1. Given A:17, A:22, A:64, A:42, which one is surrounded by fewer than 24 Cβ atoms within 10 Å (Cβ to Cβ) and assigned by TED's automatic domain parsing to the domain that holds residue A:106?
2. If a residue has to be closer than 22 Å to residue B:181 by Cβ and either outside any loop (DSSP other than H, G, I, E, B) or of a type in the set (Ser, Thr, Tyr) (or both) to count, how many in segment B:125-153 make the cut?
3. Here are some conditions: (1) more than 24 Å from residue B:101 (Cβ to Cβ); (2) within 12 Å of chain B (Cβ to nearest Cβ). Residue A:52 meets all but one. Which one does it not meet?
4. Across segment B:1-36, which residue is nearest to residue B:223 (Cα to Cα) among those that are in contact (Cβ under 8 Å) with a residue 60 or more places away in the chain and either among the β-branched types (Val, Ile, Thr) or in contact with a Leu (Cβ under 9 Å, 6 or more places away or on another chain) (or both)?
5. Filter segment A:114-129 for residues that are surrounded by 21 or more Cβ atoms within 10 Å (Cβ to Cβ) and either β-branched (Val, Ile, Thr) or more than 14 Å from chain B (Cβ to nearest Cβ) (or both) and give the result.
6. For the subset of segment A:203-214 comprising residues that are without any contact (Cβ under 8 Å) to a residue 60 or more places away in the chain and assigned to a loop (DSSP other than H, G, I, E, B), which member is nearest to residue A:75 (Cα to Cα)?
7. Could you list, in sequence order, the residues of segment A:86-112 that are over 18 Å from residue A:160 (Cβ atoms) and either buried (at least 24 other Cβ atoms within 10 Å of the Cβ) or modelled with pLDDT under 95 (or both)?
8. So if I check each of B:156, B:235, which one is assigned to a helix (DSSP H, G or I), more than 14 Å from chain A (Cβ to nearest Cβ) and not β-branched (Val, Ile, Thr)?
Amino acid sequence: MGKDVLTGVHFLSGNHACVEGAIAAGCRFYAGYPITPSNEIAERMSVRLPQVGGIYIQMEDELASMAALVGASWGGAKPMTATSGPGLSLMQENIGLAAMTESPCVVVDVQRGSPSTGLPTLVGQADVMQARWGSHGDYEIIALAPSSPQECFDFMIKAFNLAEIWRVPVIFLSDESVAHLSERVVIPPKEEIKLVTRKRPSVPPEKFLPFKPGSDLVPEMPIAGEGYRVHVTGLTHNEKGYPDLSAKVHNKLVPRLVNKIRKNADKIVEYEELFTEDAEVILVTFGISTRICRDVIKRARAEGLKVGLFRLITIWPFPEKRIMALAQKIKAFVTVEINLGQVAIEMERIVKERCKTFLIPNAGGAVHDPDEVFAEVKQIVSGLVE
Amino acid sequence: MRVSALIPKYPEPETYMGHTHYCPGCGHATLHKLLGEVVDELGIRKRVIMIEPVGCSVLALKYLKFDGIQGPHGRAPAIATAVKRLRPESIVITYQGDGDLAAIGTNEIIHAANRGELFTVVFVNNAVYGMTGGQMAPTTLLGQKSTTTPTGRFAEFCGYPLRVCELLNTLDAPVYLERVSLFDVEHILKTRAALKKALLNQIEGRGFSLVEVLSNCPTNWKMTPEESWEFVKNEMTKVFPLGVFRDK
């Protein structure tokens, strides 16, 4: 049996770091389908999972891959898959099933230029809204965005823990640049990695209601076939898990699925701030674009411009409260993202008239040019002074 | 007499434009050229609408002077169905690889064939996902190494190579199913004849035709082109026997 946590210092690509993060987090099931630029994840998984007693399956397509994750979740595993935008689109039906059946799982989406087949080998960040709204109906997921191979490792552990705690699909919004960037990755000793597993039934089978929520709105989760009568369905279901196709039950179930994330957002949301204490203008960004913005901020500060950085770690749920608080005291937010304004539209929705909002868009294929971003930021700052 | 007069004059290809991006020794370029020649010979270039797949041949229409639509991965037969039904005077061809047709697109090909759609399928089977860098395909041979079966394909975990001609041969509707290869001149000429027959079937309104072409992938198989054609000839044809499965 191979080691599950490769403690030590490594030189890894973002994709390979995702694999090590997942295995360290306890992932023992992978089902996926080849797609650029996520392939290195499947390839490394096909070697690593058998070493640690896990199951690796190459499925016939993404529909089957995502459906297998729901099955694996109820089979007791911490499952994951990896794909890119077009594959994430195909997975949406079963992401909805995972949300409705509260099946913990992690979906890595290595974003590329889109829509459609787009730019298979080049960077994009335009799956932000697909991650949030991709399947039909009202539901909530959690989405995380790494900006380096080290974060790919660290955030994968976070992703599995969040999936297990809140019993939702967690979308890991990596991108082609982070995925193919190779950097130093430090993997800590196994005992320093804090892992969480789903709540297990606390009462005997005859008293157990599989979809009766606790105070955190999350129910306890049995494994199919271990003695608890388990019935899992995408139909509207009661606390026993059986279909109850009434407006009354529907209006209890769907709001709970949504509220377990919305009402607990404070416990889930994570972000990073840089120079926001005295900032007049704050750059809002995530993923690979964070690194461009860090450089821009360094230059701005060197020129005495009061520019700060607000970097999303969880994109969903969105850090609304903190953004509203910052909006009260600054002049403007500038969103920098490799799409045509998906986070920016969320910023406008939250900020409203509290301060100004700007967007520095990029349709994809390459990261922003820091010179151009800096020039635009300077222009925005000078415009605000006048 | 001038020497140049002795050199036979070949007609300028109308369809095939050459200069492909494919790896050295890849069968795609040969197959594109054959398809171009056959279309020229039948004089149907302006009537052809080709549906490209996702995979190495996603760029096929850069080299073949046809109208065309690039479909999502595996969905070419669904697009072809609609195009042919709306424009029955056109000659509709799908050009698909084994990942595209035999994994993600299995559903579409079986149902298009079962409906007896009047288009022609050129199915390239090289036992690997080429474009994404050499992962196991549904057609990968047992024991064959790929980036997702680094110790070889084992039936226990990955099942067996999928035989598309044999599978479609269980359906009533298809009129022509043949498996050919490109590993030597004789077989290249047989492939050419099969493509012509499949297109004639469509021109004459007979029904659904599919030509499966056993091809190579020297890059992902980690072989020289010569070795790769030997592999096609000696190993692939054992699992995927050449021949006509349906001709009615």
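The values are calculated or read from the model by the stated rules, or taken from the named source; none is laboratory data. Since we're looking at a predicted model, the values are computed, not measured. Quick reminder, even Gly has a Cβ in these numbers, built from the backbone with ideal geometry, and neighbours come from all protein chains shown.
1. Unique residue meeting the criteria: A:64.
2. Restricting attention to segment B:125-153, the residues satisfying the condition of being closer than 22 Å to residue B:181 by Cβ are B:125-131, B:134, B:136-146, B:153.
Imposing the further condition that a residue be either outside any loop (DSSP other than H, G, I, E, B) or of a type in the set (Ser, Thr, Tyr) (or both) reduces the set to B:125, B:129, B:139-140, B:146.
The total comes to 5.
3. (2)
4. The first filter runs over segment B:1-36 and keeps only residues in contact (Cβ under 8 Å) with a residue 60 or more places away in the chain, leaving B:23-28, B:30-31, B:34-35.
Restricting the remaining residues to those that are either among the β-branched types (Val, Ile, Thr) or in contact with a Leu (Cβ under 9 Å, 6 or more places away or on another chain) (or both) gives B:27, B:30-31, B:34-35.
On the way: B:27: 14, B:30: 18, B:31: 20, B:34: 24, B:35: 26 Å.
Selected residue: B:27.
5. Within segment A:114-129, the subset surrounded by 21 or more Cβ atoms within 10 Å (Cβ to Cβ) is A:114, A:123-128.
Within segment A:114-129, A:123, A:124, A:125, A:126, A:127, A:128 qualify.
6. My answer is A:210.
7. A:87, A:88, A:94, A:111, A:112, listed by residue number.
8. On the way: B:156 fails: more than 14 Å from chain A (Cβ to nearest Cβ).
Unique residue meeting the criteria: B:235.
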